[in-house]
Amino acid sequence: MLVRQNRNNQSAAPRIEKNLKDFMKSLSDVLLDITALEVNTMVVDQITGNKFIPWQVYRDVYPISRQYLERKGVDESLRDRYLSLRKQLEVEYCLLLTEENPSAIRDTRILTDPSATLDQIETQLPNPLNPGATPTEIRAIQDLLEDGRFLRTLRKIAELKAALDNRNKVLSQKPAEGLEDLDDDLVSDLIYAQTVIQLDGDIINRFNKRLFDSKYQDVILQIHQEGVITGDKQWRGLLEFIVNMVQSMLARPVSFIKLPK
């Protein structure tokens, strides 16, 4: 019985250590992520309620290039914004690579040259569109989509891409309908107001210039202000919860399975 218990303890040790490391990494990511509150106010045509599926979003963003957008007939006024989202994803992945190998930054132009475009670089991202991908290649993508930091960037890109997709749909339909009041529809799918509150007390407000030409200016500003107040309360509550949890962990020793020497 003693031998079996020792074996169980030995097999449990790596699992406990991994779970502890994963938890501490997740906690560290959360602390980094909540150092600022960002509130965006956008008007949309419809709320789809689509669930965020990382693989699906990654698959849809990965092939974006100038040639791809041209083939898809994306409105020319939106192409640079799509390319910017794709570049953000590339930058985030390259930053992850340099964490494992800091010297790799010398060979990563997109990190060292702010003017570098997607057309001028070879993507480092693993390809999710390859039907002949090996299990190792598929596992690499799955591991990437389990990284908390990369996942948060991907979620943000998904939100912005959804807005661009809606705008592109409106722009592509209007000429076919022969309507002239195109500007009226551009009231939707734009971030009209943005407020960022930093942990050090700095507050940044940004407003889309279209807001001041809109007849809904007062309504949008009021909704945004209410969103900032509510978001600030929730943010401070989350900060307090995290701080209390960390203090509790530091003040009380955690007992794990005693491992054999």
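Quick notes
- Here is the figure for region 108-135: residues that are exposed (fewer than 10 other Cβ atoms within 10 Å of the Cβ), of a type in the set (Asp, Glu) and farther than 15 Å from Ser65 by Cβ total 0.
- Some residue of region 157-164 being at pLDDT below 85, surrounded by 12 or more Cβ atoms within 10 Å (Cβ to Cβ), closer than 25 Å to Leu78 by Cβ and in the same structural domain as Val61 (by TED's automatic domain parsing): no
- For the residues Glu137, Glu146, the requirement of being farther than 30 Å from Gly49 by Cβ, acidic (Asp, Glu) and modelled with pLDDT of 90 or more singles out Glu137.
- Subset of region 177-198 (residues that are outside any loop (DSSP other than H, G, I, E, B) and either at pLDDT below 85 or polar (S, T, N, Q) (or both)): Glu177, Leu182, Asp183, Asp184, Asp185, Leu190, Gln194, Thr195, Gln198
- Given (1) touching a Leu at 6+ places or on another chain (Cβ under 8 Å); (2) surrounded by fewer than 11 Cβ atoms within 10 Å (Cβ to Cβ), index of the condition Arg86 fails: (2)
- Glu100 vs. criteria loosely packed, with under 10 Cβ neighbours inside 10 Å, within 29 Å of Arg79 (Cβ to Cβ) and in the same structural domain as Leu85 (by TED's automatic domain parsing): no
- Just so you know, in region 210-245 the residues that are modelled with pLDDT under 95 and among the hydroxyl-bearing types (Ser, Thr, Tyr) include one that is surrounded by the most Cβ atoms within 10 Å (Cβ to Cβ), and it is Ser214.
- In region 79-132, the residues that are polar (S, T, N, Q) and under 16 Å from the mean Cα position of the chain (by Cα): Ser84, Gln88
- Put simply, of Lys169, Lys174 the only residue that is surrounded by 11 or more Cβ atoms within 10 Å (Cβ to Cβ), modelled with pLDDT under 90 and under 25 Å from the mean Cα position of the chain (by Cα) is Lys169.
The values are calculated or read from the model by the stated rules, or taken from the named source; none is laboratory data. Here the structure is a predicted model, which means the values were calculated and not measured. Here the Cβ is made from the backbone with ideal geometry for all residues, glycine too, and neighbour counts use every protein chain on show.
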